[in-house]
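Novice: Quick one: this structure, given as structure tokens, is what I'll be asking you about.
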Amino acid sequence: MWSRQRGRLKPLCCGVEELRCRRREREAALRKARREQQLVSKRLLRDEALEEAEEGCVAMIFGEAEIQQFLRLAQRGTEEKERERALVSLRRGLQRPEMQQTFIRLEGSIRTLVGLLTSNQALLQLEAARCLHELSHSEQSAVVEACLPATSYLLTYLSGHSSDFIELCLYTLGNLIVESEAVRRQLLPQGIVPALAACIQSPHLTVLEALGYALSQLLQAKEAPEKIIPSVLGSTLPQHMLQLLQPGPKLNLGVAVEFAWCLHYIICSQVNNALLITQGALSTLGLLLLDLAGAVQRTEDAGLELLACPVLRCLSNLLTEAAAEAVGGQLQLRDERVVAALFILLQFLLQKQPSLLPEGLWLLNNLTANSPSFCTSLLSLDLIEPLLHLLSVSNVVSMLVLTVLCNVAEKGPAYCQRLWPGPLLSSLLDTLAFSDTEVVGQSLELLQLLFLYQPGAAQAFLQQSGLQALQRHEEVAQLQDRVHALQQTALHG
Amino acid sequence: MQLPPALHARLAGAPGSAEPLPVERDPAARTAPFRFAPRPVRFPREHDFFEEGDVQRHLYLQDVLTQVGGAPERPRVPEFTCQVAGCCQVFDALEDYEHHYHTLHRNVCSFCKRAFPSGHLLDTHILEWHDSLFQILAERQDMYQCLVEGCTEKFRTSRDRKEHLVMRHLYPADFRFDKPRKSRGPVMPGAAEQVLAEAPGDDGVPSEVDAMEVCSEHVEPPPAPAGERRAYSHREMNSCPSAALAQLPRIWPERYHLPSVLVRVPHEDLKGPRREISTSNGGSSAALWRCCRAFPPRRRGPRTLARAALHVAGL
């Protein structure tokens, strides 16, 4: 299911520890970039099988003269094989940043490359496209923006039929898109949205995954909510995206990941989520959630969390829309299998990627906040105890768990009764020992609800040294009033 | 985190849920200093809450995350030749053949052998270059459609359209799939030669390899010394069978009467796939050419004719 061009980690040249270290560095760099709102990543499509099959040149450093020679041969060589080989050599060279710089500074080089891209020789076309792709992946703006003259052709080729070629054009476009607003200011009037809308009807999975990548880059742009998302919503893209996210035998994980992220960028921009709801987004995503929960039980597949994350986000955000209330009658929003699926996913995330737990709990909050039905499901499916297990993971997680418990408790005595007795009290006493003010505050809110609706709760609290637990927060400004109120209630009823 | 064993069975079970417990709120619950109220939460794009997931997403994009599944091998097959008449390209991988076929043989105009990257561009080309009804209608109304998918603008001349492409859509002025026709009246391959001749062929300037203009019947150019590079395109055209038609005088009528012209075209299946025009016999080729002017073969059905007829009818 993963495309053949996916780069693989090469364990031959470095040890596991070094890989981990590199990964940590990358993560740190990405975190920093995100905080500065500069999160930009590109995909590189390199066919390793192809490169191994190619004989001859390991990428050497070529100078201006060699590059000019390659270009001349590619353009005017008499033998087809010779022309191809020249372009292949050029492409290998362009994997290096120094060569990229040299190349773009050569007069007429891009023009020649675009000429080869639009030539009538299929293999030259493909190689020229690969050269462009290497350039598009550069970290140097000057190199990437040198590719701009090719964009109208890349877009034109999207309505062709050669799936490999289209895939390459799409990844190249995706890399270009993410480079700068200047690039997007050219691509939008050139008709990138209609071109993608036409291309998404392709039956080829590799094309679809590439398209999803390009589209996700477009939707992630800073100016997307004003300048891009409205026209995307006005096209047929959303319907096709939702179709590609339908669970079933035809669901492809790589494709689904890309389009789930596309949907997330659209939804969290809050441009017109009501439209998506009328197109069945809630229904589709709900079913997909169920499917995902089924999948995590079946396989050890790495990568399911890549799909789980955007699906959780989309559902959570969509549930806050007024339009969601209107379709509340639909099965998915009352179906307790959603809660079951969510907990299976929470367990999966706890093992695989604990940092994503808050996203799952966010959905649980949005499901239970105003829904007696889902609160009841939590109780009837015996999910309170598993929920309590999450209390020690992190402050954010604890906060969310307590919020969900409050959602249940605030609905009244019938609900609190089912929360009692059990491990809840001792868990609460543990959280009171936390130092985080927000978490303690939320525990106090929950305690108050329990004292109010559950006879005997206050008594049990006293008996388990609850007052001492409260004492340590008496001086904290944010908590004082609530601590005193609880002390009063516990002592005097 | 231990999940109750019945949970997995529940997931696999039927949709539905238990009857919700009765809700009964005490107003004392939300009195100060307590302030909890349940509410769904919404996070906007740039919220810090999304940091973790976004970082994981980008690690994936950068391929740092380990991928599963082996990479399927590119299947190598025994060498085979392209089956299209006149094409002698050889392949040993199916993907290469697919790309070759789609680039050179799939969207080919049977009149002038030009290949186009998409059916849309081919249709536009046939309409504008080979349909004389189009020329007549174009004298009275805007017929030149914008090439950008999704843009419905139409223009009086191809030059106006090009200007629109450049100004509005930021297309390059020398966009290769928008070559204007030079001669008035339907195009002959001879006219194609004219366009070719315009391509800069100066040895001092890097000459552009002509897109789609070269006769697709010869994919492998005959070997020639480097000095004859400029003549390469011409040589291909001369050896192209349909170049024989360049010898024919223009014989179609200036005014075109659609309803009254009914020409029998014995070998053309108008609804079927596009066929090559047989030009071996110089005499009959003139008549055949005239037939084709009446009913230009199309890649798809007679949509253009119908559209044109509607225009004529004033609809």
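The values are calculated or read from the model by the stated rules, or taken from the named source; none is laboratory data. Source: prediction; values computed, not measured. When we count neighbours, we look across all protein chains shown, and the Cβ atoms used for this are built from the backbone with ideal geometry, even at glycine. In case anyone asks, the SASA skips ligands and DNA or RNA and just uses the protein heavy atoms, side chains included. Shrake-Rupley method; radii C 1.70, N 1.55, O 1.52, S 1.80 Å.
Novice: What accessible area, summed over both chains, is buried at the A-B interface (1.4 Å probe, Å², nearest 100)?
Specialist: By this definition, chains A and B bury close to 11200 Å².
Novice: Please tell me the relative contact order of chain A in percent, rounded to the nearest whole number, where contacts are Cα pairs under 8 Å and at least six residues apart.
Specialist: Here the relative contact order equals 8 percent.
Novice: I've got another one for you. Using a 1.4 angstrom probe on protein heavy atoms only, which residues from the stretch B:88-114 are buried by at least 50 Å² of accessible area when all chains are present rather than their own chain alone?
Specialist: The answer is B:98, B:99.
Novice: Further, regarding this structure: So which residues in the stretch A:337-355 end up with at least 30 square angstrom less accessible surface once the other protein chains are there, compared with the chain by itself, probe 1.4 angstrom?
Specialist: Buried on complex formation: A:337, A:340, A:344, A:347, A:355.
Novice: Where does chain A land at 222 nm, in deg cm²/dmol rounded to the nearest 500, when only DSSP H runs of n ≥ 4 count, each adding -39500 (n - 2.57), divided by all residues?
Specialist: -20500 deg cm²/dmol
Novice: Give me the inter-chain shielding for B:168-179: mean count of other chain Cβ atoms within 10 Å, whole number please.
Specialist: 5
Novice: Sticking with this one: Output ³J(HN,Hα) for the stretch A:415-430: one whole-Hz value per residue in order, computed from phi by the Karplus curve 6.51 cos²θ - 1.76 cosθ + 1.60 with θ = phi - 60°, and x for Gly and Pro.
Specialist: Couplings: 7, 5, 4, 6, 7, 10, x, x, x, 4, 4, 5, 4, 5, 5, 5 Hz.
Novice: Taking DSSP loops as anything outside H, G, I, E and B, show the longest stretch in chain A free of GluC sites (Glu not before Pro) there with at most 15 other beta carbons within 10 Å.
Specialist: For GluC sites (Glu not before Pro) (loop position, at most 15 other Cβ atoms within 10 Å), the longest site-free span of chain A is A:301-473.
Novice: Can you give the FRET efficiency to the nearest 0.05 for residue A:476 and residue A:46, using r as the Cβ-Cβ distance and R₀ = 51 Å?
Specialist: 0.35
Novice: Report the local net charge at residue A:98: Lys and Arg +1, Asp and Glu -1, summed over other residues whose C-beta lies under 12 Å from its C-beta.
Specialist: In short, +1.
Novice: If you count, for each residue, the other Cβ atoms within 10 Å and average over each peptide, how do A:419-426, A:399-406 line up from highest to lowest?
Specialist: A:399-406, A:419-426
Novice: Continuing with this model, one more query. Using label points projected 7 Å from each Cα along Cα→Cβ, tell me how many nm separate residue A:433 and residue B:35, to one decimal.
Specialist: 2.9 nm
Novice: Please list, in order along the stretch A:359-373, the HN-Hα scalar couplings obtained from phi with the Karplus expression 6.51 cos²θ - 1.76 cosθ + 1.60 (θ = phi - 60°), rounded to whole Hz, x for Gly and Pro.
Specialist: Values, residue by residue: 5, x, 6, 4, 5, 4, 4, 5, 6, 8, 3, 10, 10, x, 4 Hz.
Novice: State the extension gain, in nm to one decimal, for the chain segment bounded by residue A:484 and residue A:464, taking 0.36 nm per residue of separation less the distance between their alpha-carbons.
Specialist: Here the segment from residue A:484 to residue A:464 would lengthen by 5.4 nm.
Novice: Taking amide H positions as placed in the peptide plane 1.01 Å from N, state which residues far from residue B:145 in sequence (5 or more) or on other chains have amide H under 5 Å from it.
Specialist: Placed amide hydrogens put B:155 under 5 Å from residue B:145.
Novice: Quick check: pseudo-label points 7 Å beyond the Cα along Cα→Cβ at residue B:9 and residue A:18, how many nm apart are they?
Specialist: If labels sit at residue B:9 and residue A:18, their model points lie 5.3 nm apart.
Novice: Report ³J(HN,Hα) in whole Hz for each residue of the stretch B:162-167, in order, from the Karplus equation J = 6.51 cos²θ - 1.76 cosθ + 1.60 where θ = phi - 60°; Gly and Pro get x.
Specialist: 4, 4, 4, 4, 6, 6
Novice: Can you list residues from other chains, or at least 5 along the same chain, whose modelled amide H is less than 5 Å from the amide H of residue B:114?
Specialist: Distant-sequence amide H within range of residue B:114: B:109.
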